[in-house]
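Heads up, the thing below is written out as structure tokens.
The values are calculated or read from the model by the stated rules, or taken from the named source; none is laboratory data. Computed from a predicted structure; not experimentally measured. Glycine also receives a Cβ, built like all others from the backbone with ideal geometry; neighbour counts cover every protein chain displayed. Heads up: the accessible areas ignore ligands, DNA and RNA and are worked out on the full protein's heavy atoms, side chains in. Shrake-Rupley method; radii C 1.70, N 1.55, O 1.52, S 1.80 Å.
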Amino acid sequence: RSCDVFHRHLEQLAQRHVETKFVKINVEGCDEGGGGASFLVEQLGIVVMPTVLIVIKRKAVHHIRGFDELGGEDCPVQSLAYIIGAHGGLHPRDDEQTPPQPNSEGVNSVRMSHHFGKPNNVRASALNDLDDDSDSDFE
């Protein structure tokens, strides 16, 4: 199961990063039986399993939903540490400073670099026209 990969990574990170509190909540099947977990799922906006929620000073600052942000299900633990650290959830070590590499598979792994630099639709063309200050009324 994909949740097991997250659990193994989070267990490793919990041992390496004592400055961070790691909490595991099993929300599987909570929509059937109700209870406290269903309240948390609704309030925290958990729609995909696995989800890692980064909370700082009682405020949710980032959700990691699934593995796309980490580069795929076979991501190293350092990728998860990098993402959590980038959002202030832990202090990354030297080996956790490298961003995850994008995976070429999955629905959210579109390579956006092909779209930058040239407009590919009407809205992008209009935005590029706004950047041209030769005909600007605001000075």
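Can you pull the percent of segment 1-87's accessible area that's carbon plus sulfur, 1.4 Å probe, other chains left in place?
On segment 1-87, the fraction of accessible area on carbon and sulfur atoms equals 50 percent.
Could you sort Ile25, Ile84 by their accessible area in this structure, using a 1.4 Å probe and putting the largest first?
Ile25, Ile84
Just to confirm, what accessible area per residue do you get for segment 1-87 at 1.4 Å probe, in whole Å²?
Per-residue accessible area for segment 1-87 comes out at 63 Å².
Å³ per residue of the Cα convex hull, for segment 1-87?
98
Compute, for segment 1-87, the length of the dipole vector about the Cα centre, with Cβ point charges of +1 (Lys, Arg) and -1 (Asp, Glu) only. Units Debye, rounded to 20.
480
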